[in-house]
Amino acid sequence: MSGPDAHKIGASLLVPWCSTARRAFLSTLRDPESGKAIDQCVITVYAGPASYTGEDMVELSLHGGEVGPALAFNALLAAGARPALPGELTRRALLNGKLDLLQAEAIADLIDSRSRAMHDVALDQLAGHLSARLRTLRSEIIELEALLAYDVDFPEEDDGPISSTRIDTAAQNILDTIDALLATATTGEMIRSGAAIVIAGAPNAGKSSLFNALVGTQRAIVTDVPGTTRDALEAMMDVGPWPVRLVDTAGLRSSDDVVERLGIEVAERQVKDAAIVLVCGEDADSLASALESVRPLTTATLLAVGTKSDRGRLPRAIDAAVAYVAVSARTGDGLADLVQRIVEILNGERSPVSPSNPVLTRERHRVALTRARAEIQAFVNIRLDAAGLPATVAAVHLHSARGYLEELVGALDIEEVLDRVFSTFCVGK
Ligand SMILES: Nc1nc2c(ncn2[C@@H]2O[C@H](COP(=O)(O)OP(=O)(O)O)[C@@H](O)[C@H]2O)c(=O)[nH]1
Ligand SMILES: [Mg+2]
């Protein structure tokens, strides 16, 4: 419970009551009408502002189950409490200045994370590293606004007290910082949704068997009839520190059969959008022709995978400018090597996640920074145009850019932004 009446409601239902903050005590929760015991619980009282929400809070630890918590909930409501809205506790924390909007989003990401990488990014964001980067950016813009105001105040001096090079350099630095941040959006997106690793190759190449071996379960249908994997099958898994969306596809070969044809089209689309394609073949010829058909479809990193190595038909090396691994889904031979190669590719392609290198994790972040960038660019363009608009007009763009950054960290109380962010929260956070 959080809010000005939390302690009063707690004291009316709990015997004994102990108002000492931050000390756990054993108590009995009683029905307000009958006085009948509902549960024995451990209670912690918080006094605002030293609490998660910044308000007075009471935390009840019950035994759980179906009946106890429902009775307890009803008792609290009867005593004057109301159910929290999704994310309302975090929203109050935000409004009370306990955290900013980026940190509030990090709480949701922490709960939603399905991989170690996303968990790490969320923890970094919660610690305030992304917020700090954006605050620095904001103060750089304010500084630039100040330089400009100073320049405007002394128009009579030919080369005013502030050299225009200084202003232009400052603007360029801001653009560079924004570009560096925007460049992390791909990494952030990949961490949220997982890098797509698509298994491609001719029918019967052993793709579904490889998929199953990698996932470690029997998810895909494995069969001897060529062309039976009609739909792409997906599995989320961690490969090293990276979240990965492993996709099994229908074979890439032309077909007259309508259903099979659809499967092939899905496969082609999956290959196009992949981060890595595992191009499978069971001998030198099928590997070569699979590479030939996959290459024009995608800009993904290709990794040639010789399958069914237990049958002894694979070449030692292949004549192509891609890495080559031999595996057997049957014996497990080469699988660890394959995973290692995948990790290396992912490590190389993404900026490492570290506190000094925060990443943009949401579309909202990318959009706001893109808009801020456009404003700074408009400012630069006006300055480049010697006969152009006066500095006072240019300054308007700096002001708007600053507004976008403030919206991003939630420095402005924009109800609409808050509603959008918190609507995706679960109740009780
Ligand atoms: N010996 C051997 N046979 C395999 C291996 N992987 C797959 N196969 C066989 O190859 C055939 C086709 O496999 P499947 O995974 O369905 O291929 P897909 O059509 O590419 O998905 C099946 O008969 C599998 O049992 C392997 O590592 N070793
Ligand atoms: Mg298959």
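No value in this document is a laboratory result; all are computed from the given coordinates. For clarity, every value in this text was computed on a predicted model and none was experimentally measured. All Cβ positions, glycine included, derive from the backbone under ideal geometry; neighbour counts span all protein chains shown.
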### Query
At each listed q (0.15, 0.19, 0.21 Å⁻¹), what is the log10 of I(q)/I(0) that the Debye formula gives for region 1-119 modelled as equal alpha-carbon point scatterers?
-0.74, -1.04, -1.16
### Message
Roughly how far apart, in whole Å, are the Cα centres of region 369-384 and region 192-216?
### Response
44
### Query
Under a plain spin-label model, where a point goes 7 Å from the Cα along Cα-to-Cβ, how far apart in nm are Ser139 and Arg311?
6.5
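Beyond 14 Å, what share of the Cα-Cα pairs of region 66-147 is found? Please give it as a whole percent.
Here the tail beyond 14 Å accounts for 73 percent of pairs.
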### Message
Need the C-alpha centroid separation for region 56-121 versus region 293-336, integer Å.
### Response
48
### Gain in span if fully extended, Ser61 to Cys426, counting 0.36 nm per residue against the direct Cα distance
129.5 nm
### Virtual spin-label span in nm between Leu123 and Val343, 7 Å along Cα→Cβ
1.8
## Note on the structure
Subtracting the Cα-Cα distance of Asp5 and Phe25 from 0.36 nm times their residue separation yields 5.2 nm
### Relative packing of 58-71, 35-48, 304-317, which averages over residues the other C-beta atoms within 10 Å, highest first
304-317, 35-48, 58-71
### Query
Ranked from highest to lowest mean number of other Cβ atoms within 10 Å per residue, what is the order of the peptides 134-145, 100-111, 189-200?
189-200, 100-111, 134-145
### Message
Run the numbers for Val396 and Leu384: contour at 0.36 nm per residue of separation, minus the present Cα-Cα distance, in nm.
### Response
2.7 nm
